[in-house]
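What follows is one structure encoded as structure tokens, with my remarks underneath.
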Protein chains: 2
Amino acid sequence: MVGPFGGVTAAQLLQSAMQHPDRLGEPVALTVNFAAPVADGEIRFLARPVRTNRSTQHWIIEAHQPSGVVSTATAVFAVRRETWSALEAVMPADVPAPDAVPRTPPREVPAWLRHYDMRFVDGPFPDVFDEQEQTHSRSCLWLRDLPERPLDFASLTLMSNVFVPRIFIRRHRRSLAGTVSLTTYFHADSALLAQVGSGHVLGVAKALNYRHGYFDQTGELWSPDGQLLVSTHQLVYFKD
Amino acid sequence: MVGPFGGVTAAQLLQSAMQHPDRLGEPVALTVNFAAPVADGEIRFLARPVRTNRSTQHWIIEAHQPSGVVSTATAVFAVRRETWSALEAVMPADVPAPDAVPRTPPREVPAWLRHYDMRFVDGPFPDVFDEQEQTHSRSCLWLRDLPERPLDFASLTLMSNVFVPRIFIRRHRRSLAGTVSLTTYFHADSALLAQVGSGHVLGVAKALNYRHGYFDQTGELWSPDGQLLVSTHQLVYFKD
């Protein structure tokens, strides 16, 4: 991959708005663009609430390093109310419980994988790059922070980016790939997050289309009892 | 709906980067946040290329009116190369050709509908709000500019937002709803757009989850010969 785990940068960008004294409500939408690899060393986050309405707030957030802007983000925060609610997305059926799925042995590289308990039901990262092209790139896994900690908006943001570039699963081929833009919609509010606590969540991901150096993939994070916590989409750069 | 057609604002935001003298390549990702209704009168677009790499460029774009910031956007532009390509998303099968589907009579309101030739195969905007809740909110339609004009990135952006809030199709109920965040990934480059020309494109859309005042929906625009031109996602505010 091109740089360090983009999920960390995305969560830091969000967190810089979360911790801002003028913050209103909770995040409902976040888009992060990865403009350059984050280098070891100082990084500064600049979060600006550019419009605050009665129940919504709009943010522009930038991450700066000595080399210039390394990431940009926009976020929408909102004060939510209870309303009619309904689910149209479909949680995968017949998925065994987390305890019934062996934990995937952590790989040495990348290092961030060691911070997750991952239990793949389908579509793990390939053990060998045998260049046997697959017909699809779907993954389904149980996922939990290591060490355990209660879910919050930062960890949901990180988890939105644990779905490694689908091209590795599709092509079983070593290549350069990195997220350029990541969008996450938060269906969960803090009350729902508190209900889920520090248990496993179910993650699913798939690619849509690979063309001329870029592809897109889409993912969902589900609570064990079938609540959609997050939907997430990203555009990924790749080299042949 | 809350304001004028957000597709126009989204296309204007993109266009302000397209027309910038420092622009590199073509758009691959665009996210627009609708911060406030656009009022009749002056609107200024401020497009800043915040990072230019060898083959990618990152933009922050703002739309200002006397009331303040009304929209924000980020965009990623890129110089693309031919690579291995593959499609995983599935175009709807058994869709009759555009000529075999009657044109949906244009409604008076909203006015922007008159600027499209729309031929619904499934999931039209309800004729009456009979409050009969449906089991899903999927739409499938052939779509073309009126008057006819060749597809470009601006029109693809507009078309990304023609999928009216899914809640109307799901609930058949009059309510307030408006897009707060719209993300579009461009799989089409200008060469592919030139191939499609001014013909109809096939649009599909569906909702994922409605919860506590917000829902998300996802859409695709396909060329008649089965190329995915755009995938698009949005978060929508709604009132009961």
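What follows is calculated from the coordinates using simple rules that are stated; it is not laboratory data. Everything quoted here is computed from the prediction, not taken from an experiment. Glycine also receives a Cβ, built like all others from the backbone with ideal geometry; neighbour counts cover every protein chain displayed.
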Between the label point of A:GLY25 and that of the same position in each other copy, find the distances and list them shortest first in nm, with every label point placed 7 Å from Cα along the Cα-to-C-beta direction.
3.4
The protein assembly as shown - Rg (one decimal) and Dmax (whole number), Cα, Å:
21.2, 61
With one decimal in nm and the nearest listed first, the spacings from A:ASP152 to its own position in the other copies, using label points 7 Å along Cα-to-Cβ, are 4.7
List the trypsin sites (Lys or Arg not before Pro) within region A:48-148 that fall in a DSSP loop (any state other than H, G, I, E or B) and whose Cβ has at most 10 other Cβ atoms within 10 Å.
A:ARG54, A:ARG81
Relative contact order of chain B (C-alpha contacts under 8 Å, at least 6 apart) in percent is 19 percent
Springs between alpha-carbon pairs under 10 angstrom, Gaussian network model over chain A: which of A:SER160, A:SER198, A:SER71 fluctuates most?
A:SER198
Loop GluC sites (Glu not before Pro), region A:1-110, which have at most 12 other Cβ atoms in a 10 Å radius of their Cβ (DSSP)
A:GLU42, A:GLU82, A:GLU108
I need the shape label for region B:1-62. Rule: rounded when a/c is under 1.5, else prolate if a/b > b/c, else oblate, with a, b, c from the alpha carbon gyration tensor.
prolate
At the level of C-alpha centres, the distance separating region B:83-157 and region B:7-62, in angstrom, is 25 Å
Specify whether the C-alpha gyration tensor of chain A places it in the rounded, prolate or oblate class, a ≥ b ≥ c being the square roots of the eigenvalues: rounded for a/c under 1.5, otherwise prolate if a/b is larger than b/c and oblate if not.
oblate
Cα gyration tensor category, rounded, prolate or oblate, for region A:1-105 with a/c compared to 1.5:
oblate
What nm distances, shortest first, do you get from the label point of B:GLN195 to those in the other copies when the point sits 7 angstrom along Cα to Cβ?
4.7
Where chymotrypsin sites (Phe, Trp or Tyr not before Pro) fall in DSSP loop in region A:94-184, at most 13 other Cβ within 10 Å
A:PHE129
